[in-house]
Amino acid sequence: MSSQQPTDEPVYDDRTYRSSMAVVSGVLLLALLAWLCGDVVVRGSGNARWFAVAIALFAAPLVVAFTIRPAVFANEDRMRVRNPFRIIELPWAAVDAVRAGYSTEVLAEGSKYQLWSVPVSLRERKKAQRPQRGGRGGLLGQGANVPNTSAPAGTEPQRSQADQVVHELRELAERGASRAGAQGSVRVRWSYEVIAPAVAGAVLLIVLLAVL
C-alpha cells in the first residue's frame, strides 16, 4: 500500500526586510517630537497647548508611517508589502516582476507597487559593481575585495543591499509561483489607523488657526 505524498511544501516563517536606518531615525524624531510638544503642553498656556497637541497628533503618525512602519514580509506563498498608507498582499502567482532601478518595485496584475522599506542607494550599487583589487585595504582581510568577474564559480556576486533583497524575492517568486497556497489575486488595504489620526491632527490645526 503506497503512502500518500504531500501535495505541497511547508510554509516557513516570513522573511522581513526593513531599513534599520529609517527605524532609528523614526525613533529619534518621535523622541524629539514628544520632548518639544510635551514641554509646551506642560509649561505652555492658552492655545499653545492645543497647538502642541494638534502638531503631535498630525506629525507622529506621519513619522511612524514613513520611517518605522514600512516593511516587506515574504514567505514561500506570498509577499506582504507594508507601505506608509497601504498594505499590499501579493501571492507569488500574481507577481510579474520584482525590480530595483531608482526605487524597488514589484509589478503585479498590471500595477506597480513601490517597496518603501528597501531604498536603493546608487552609491552602494556602484561600489558593489566596481572591480576592486584584493589586498590590505579590504575590511574582511586580504582578498576580500575581489572583482565580480573573477569570483570563483558557484559563489554569489557582490550586490548592493537593495539588489540582494530583489534577488531573494525573485527566487522566492520563482519557487513559490506554482504552489497551491501562492494562488490568488493582489489585495490592497488602506491603513486607516495611520491616516485617521493624521487627518484629525490636521483638522484640529486648521480649526485652531481659524479661530485665532
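The values are calculated or read from the model by the stated rules, or taken from the named source; none is laboratory data. Predicted model, so just to flag it, every value in this text is computed and none were measured. Note that each Cβ is placed from the backbone with ideal geometry, even for glycine, and that neighbours are counted across all protein chains shown. These accessible areas exclude ligands, DNA and RNA; they are computed on the full protein's heavy atoms, side chains included. Shrake-Rupley method; radii C 1.70, N 1.55, O 1.52, S 1.80 Å.
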Practice item. Would you point out which residue out of Glu168, Glu156 is more than 30 Å from Trp50 (Cα to Cα), at pLDDT below 95, of a type in the set (Asp, Glu) and open to solvent by 100 Å² or more (accessible area, probe 1.4 Å)? Key: Glu156
Practice item. Report, by residue number, each residue of the range 85-96 that is surrounded by fewer than 20 Cβ atoms within 10 Å (Cβ to Cβ) and either in contact with a helix residue (DSSP H, G or I) (Cβ under 6 Å, 6 or more places away or on another chain) or touching a residue at least 40 places away in the same chain (Cβ under 8 Å) (or both). Key: Phe85, Arg86, Ile87, Glu89, Ala93
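Here is a yes/no grid of residues against (1) at pLDDT below 95; (2) open to solvent by 100 Å² or more (accessible area, probe 1.4 Å); (3) under 22 Å from Glu193 (Cα atoms):
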{"site": "Arg15", "(1), (2), (3)": "yes, no, no"}
{"site": "Leu28", "(1), (2), (3)": "no, yes, yes"}
{"site": "Leu33", "(1), (2), (3)": "no, no, yes"}
{"site": "Arg43", "(1), (2), (3)": "yes, yes, no"}
{"site": "Gly46", "(1), (2), (3)": "yes, no, no"}
{"site": "Phe58", "(1), (2), (3)": "no, no, yes"}
**Study point:** Residues that are assigned to a helix (DSSP H, G or I), closer than 27 Å to Asn75 by Cβ and either within 25 Å of the chain's Cα centre (by Cα) or without any contact (Cβ under 8 Å) to a residue 60 or more places away in the chain (or both), drawn from the range 173-212
**Key:** Ala173, Glu174, Arg175, Gly176, Gly181, Ala182, Tyr192, Glu193, Val194
